[in-house]
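Below: one structure, written as structure tokens.
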Amino acid sequence: MAISRSTYGTRRLAIVLFACLLVALFLLPSQSQRLLQYVGGPLGQILSVPLAAFSSVDRGISDTWNAYLALQNVHEENRQLHRDIELLKGQNNQLRESVAATQRYETLLNFKQQSPSQTLAAQVIGRDATNWYGGVILNKGESDGVRAEMGVVTPAGVVGRIVKTNSTSSVVLLVTDPNNAIAGVVQRTRDEGIVEGTSHGRARLKYIPLLSRVQAGDRVVTSGLTGTFPRGLAIGGLTQVEKSEGDLFQSAEIEPEVDLSKLDEVLIITAPYEDADSAQKLLQEIRGDRKKS
Amino acid sequence: MKFLLYLLLALVVIPFQTTLLHYFSIFGVRPDLGLVAACLVGFLGGELDGLILGLLLGCFQDMLSAGDLWINVVTKGGGGFLAGLAGRHMAHITPAVLTAGLAIISGLSSAVFLYSMNPASLDEIWMGVRSTVLVQAGFDALVGAGLYLLFRQRWSDDRMVTEGAL
């Protein structure tokens, strides 16, 4: 009797607990989100330790795999060469790997120096924890000055924007996710629109004026009108323009400039413009452009 | 003690899910190890255990996902709880029953995700079902059944001990 009463009590406690949680989440969404965010702070710090460990294992696996592929290429080359330089070739290949990495960092650094924005370099340490969102996890968080809504780029172009942060890491929603929206402009025609992700892993420029002469091959860049990205960062190229009868706007599919499946290092835009003066100057430029057009 | 064990499990499962699991993806879909773990513990340990582990896993998963902060907490907590309820009403859990149960719970959980994405048309819903929900349900069920078969002896002993203790 006592046994079944204790089982019944546990079950009832579980039901009550879960019901309370559901009621709180649906009736007080913002308060409960804040509470979860508050609870998530210390948990995030605990989670960062195994996350860093697993991430280094992941990096090790991909490095080994890349080295293996590279070695396969070297092996093919070496077949045509003498056997006695095989070892040297292998070493040379390893050096080339280091040079490639250095070049990658150099490009990132050059971009950082030329960019009008204040940026922070970060490494991609993981992918979204579910299959439903196009997101990546970065190794920089609130303790490094990263905040939600900051833009994320590579020298090639726009990657996405930060949607969640904790003390040591942050989550980036990629430009190809349907929940993302970035203000864009067609470089050739200066027509503005909103870039949204699609369920096919691409992006779409929406709300292009009906009379616009955009065409496949046109490049889309950030318009700089929202606070996340400075003006002129590459988003992608138009692949197909759609204009349906009765629609008030055109839309076009975009092939993103950045290969989002192979992200290693990225830059977080902590301030789109270096100082208030340059922001003001750019705003005047934009206004001037608009008057001209 | 049990809570610490679950915390440890969550600290291993979620970082593994976000960093290394992409090597095991099928059609770009990875198994949801958080849901599988919550359901297995629910099936074998009861609804309270499933709920606690599910909430913990969901909380961690929400921190490392671009979605809203509630969605994984609710789906994983609910999954573990439902699995616990189902497990309590079964005298014998066979791999086939477990596979079917996991597939159903995974499908329900994915349906919540799909609903939260606000699909604009029936086409988008169908595409979500075809490309993610079904693959994910099958994958989760297989992984869960595999883990169950792998640790069956130990789990059945635990279950007997727990039942005996009760």
Checklist entry - Which whole number gives the average, over all residues in B:19-25, of C-beta atoms from other chains lying within 10 Å of the residue C-beta? => result 5
Checklist outcome for this item: Site B:Leu134, offset 7 angstrom along Cα→Cβ, radius 13 Å on amide nitrogen, limited to segment B:90-127, gives B:126-127
Next on the checklist: Between A:Ser167 and A:Leu71, what is 0.36 nm times their sequence separation minus the Cα-Cα distance? Round to one decimal in nm.
Outcome noted: 30.6 nm
Item to check | Amide H contacts of A:Thr119 (H built 1.01 Å from N, under 5 Å, at least 5 apart or other chain) | outcome: A:Thr270
Checklist outcome for this item: Candidates B:Ala83, B:Ala66, B:Ala141; GNM for chain B (alpha-carbon contacts under 10 Å) flags as most fluctuating B:Ala66
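Please give the net charge around A:Ile162, taking every other residue with its beta carbon less than 14 angstrom from that of A:Ile162, where Lys and Arg add +1 and Asp and Glu add -1. Kindly include the intermediate steps, with their values, before the conclusion.
Working: positive: A:Lys140, A:Arg147, A:Arg161, A:Lys164; negative: A:Asp128, A:Glu142, A:Asp144, A:Glu149, A:Asp177.
Local charge sum for A:Ile162: -1.
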Checklist outcome for this item: Given pairs A:Lys206/A:Lys262; A:Lys140/A:Lys262; A:Lys164/B:Lys76; A:Lys140/A:Lys164 and cut-off 23 Å on Cα-Cα distance, the over-length ones are A:Lys206/A:Lys262
Checklist entry - By the scheme Lys and Arg +1, Asp and Glu -1, what is the net charge of all other residues having a beta-carbon under 13 Å from that of A:Ile208? => result -1
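Kindly rank A:140-152, B:19-31 from highest to lowest mean number of other beta carbons found within 10 Å of each residue. Present the calculation step by step, with values, prior to reporting the outcome.
Values: A:140-152: 18.5, B:19-31: 16.2.
Result, highest mean Cβ count within 10 Å first: A:140-152, B:19-31.
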Checklist entry - What average count of beta carbons from other chains do you get within 10 Å of the Cβ of residues in A:119-127? => result 3
Next on the checklist: What whole-number distance in Å separates the alpha-carbon centres of segment A:171-206 and segment A:41-77?
Outcome noted: 30 Å
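Per residue of B:83-93, count partner chain C-beta atoms within 10 Å of its C-beta, then hand back the mean as an integer.
Values: counts 0, 3, 3, 0, 0, 2, 0, 0, 0, 0, 0.
The per-residue average across the peptide is 1.
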Checklist outcome for this item: Listing B:Arg88, A:Arg204 by rising number of other beta-carbon atoms within 10 angstrom, fewest first, gives B:Arg88, A:Arg204
Next on the checklist: List the residue ranges in chain B for DSSP H helices whose C-alpha atoms run 20 angstrom or more along the long axis and whose Kyte-Doolittle average is 0.0 or above.
Outcome noted: B:2-19, B:47-63, B:71-88, B:95-116, B:134-150
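A short reminder: the numbers here are calculations on the coordinates, not readings from a lab. All figures in this text were calculated on a predicted structure; none of them were measured in a lab. Note that we place each Cβ from the backbone using ideal geometry, even for glycine, and neighbour counts take in every protein chain shown.
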